[in-house]
Amino acid sequence: MKLVYLTLSLLWLAQLPAHAEIRALKVAVERGADGATKISIKSDVASENRTKTTTADAAEVLKNAAGWGSTVDVTIETNGEPLSDYLPLLSAIASNTWLSLSYVGQLPKPPQDPPEAQPYKERVRHRAANDPLSEENLLEAAKTDDRARHLLADLWARNILSAKTRERILGQHVQFTLVEQFPYDPKAFPTARELKIIATTDFPFPESAWVEYSGTIALGDQQLQLPVDAFDNSRSLHRCNTRYFASLGTSSAGEPTARGVIQMREVRRDGVHTETVWSIKRFTNEIKLQKR
């Protein structure tokens, strides 16, 4: 009966209305070398991060976690461990009205490239440099001519645009800007801030322009770090103008500075093969936050 009640409680939490932005908690359960259960927590709030801590400590973190005016999305990767090892975590989530459990289970492992996997090779027929429709000439014309941009987008959609040109289109036509927003009531949350990295572009990306990406934002003296292999999200660049690619909700007084970085790549998957076609990294502008 207790398990049924817990399950119903979790389902109810999952249906709570979400606000404009939510932060997330990623919980991983594993078996330590000593045979004891170890819990790791990855959080947007530094004080909540844990690496191979005890179940009791992790449950205490979940019990006291709070949102920034909206729900906190929680996922638990069980790694095949039995329910008894992480049941206290589920109980802590169920008792905290800020938390919304979105996934419990074993995440599928990404496909691994076999040793014989070959680097990405293009099958693009390159035009002569003096051809008005060469990719180089189209790129130059696209700086000012919307017709050239649409022709390049059509070639992209037909999969007959070179990877180098697709990468150069990102550099030439997409800007990433860090902005500060105030989505919450200043009386209720006087120091709450929302920072976003916004993309602006004049390029009509096709729906097939899928990328993997990741971004981070640092405040004040925080180090701006982003692992080179961190590509946690994926999306099409179609209609990405004014859309955000990274965000940070924080509570910070004063007027600190902030800066951000985005990295992005295109990959091709062919059965068990995964090939990185191109990869870029772009740093944003630095801004001074409004005094709060």
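The values are calculated or read from the model by the stated rules, or taken from the named source; none is laboratory data. Please read these numbers as outputs of a predicted model, since none were measured by experiment. Glycine also receives a Cβ, built like all others from the backbone with ideal geometry; neighbour counts cover every protein chain displayed.
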List pairs: first residue in the range 209-232 and under 23 Å from His173 (Cα atoms), second residue aromatic (Phe, Trp, Tyr) and part of a loop (DSSP other than H, G, I, E, B) anywhere in the structure, Cβ distance under 8 angstrom, at least six positions apart or on different chains. Glu212/Phe231; Tyr213/Phe231; Ser214/Phe231
When you look at Leu101, is it at pLDDT 90 or above and within 27 Å of Ser251 (Cα to Cα), yes or no? no
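Rundown of residues vs (1) closer than 30 Å to Ala253 by Cα; (2) assigned by TED's automatic domain parsing to the domain that holds Thr250; (3) loosely packed, with under 15 Cβ neighbours inside 10 Å, yes/no style:
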residue: Leu151; (1), (2), (3): no, no, no
residue: Ala163; (1), (2), (3): no, no, no
residue: Tyr184; (1), (2), (3): yes, yes, no
residue: Lys187; (1), (2), (3): yes, yes, yes
residue: Asp229; (1), (2), (3): no, yes, yes
Quick one: in the range 275-292, of everything that is surrounded by fewer than 15 Cβ atoms within 10 Å (Cβ to Cβ) and charged (D, E, K, R), which residue is nearest to Arg265 (Cα to Cα)? Lys281
Give me the pairs, please: first residue somewhere in the range 187-208 and charged (D, E, K, R), second residue anywhere and assigned to a strand (DSSP E or B), beta-carbon distance under 6 Å, and either six or more positions apart or on two chains. Arg193/Thr250; Glu194/Gln181; Glu194/Gly249; Lys196/Val179; Lys196/Tyr244; Lys196/Ser247; Glu207/Ser236
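Does Glu266 fit the bill of being among the acidic types (Asp, Glu), crowded, with 18+ Cβ neighbours inside 10 Å, within 21 Å of Phe205 (Cβ to Cβ) and in contact (Cβ under 8 Å) with a residue 24 or more places away in the chain? Spell out how you get there, then give the answer.
Working: among the acidic types (Asp, Glu): yes; crowded, with 18+ Cβ neighbours inside 10 Å: yes; within 21 Å of Phe205 (Cβ to Cβ): yes; in contact (Cβ under 8 Å) with a residue 24 or more places away in the chain: yes.
Here the answer is yes, as Glu266 does meet what is asked.
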Taking Glu180 as meeting all but one of (1) over 30 Å from Gly254 (Cβ atoms); (2) among the charged types (D, E, K, R); (3) touching a strand residue (DSSP E or B) at 6+ places or on another chain (Cβ under 7 Å), write down the number of the exception. (1)
Listed residues Leu62, Leu89, Leu16; which is at pLDDT 90 or above, hydrophobic (A, V, I, L, M, F, W, C) and closer than 24 Å to Ala192 by Cα? Leu62
For Glu212, all conditions in the list (1) of a type in the set (Asp, Glu); (2) under 24 Å from Gln181 (Cβ atoms); (3) part of a strand (DSSP E or B) hold save one; what is the number of the exception? (2)
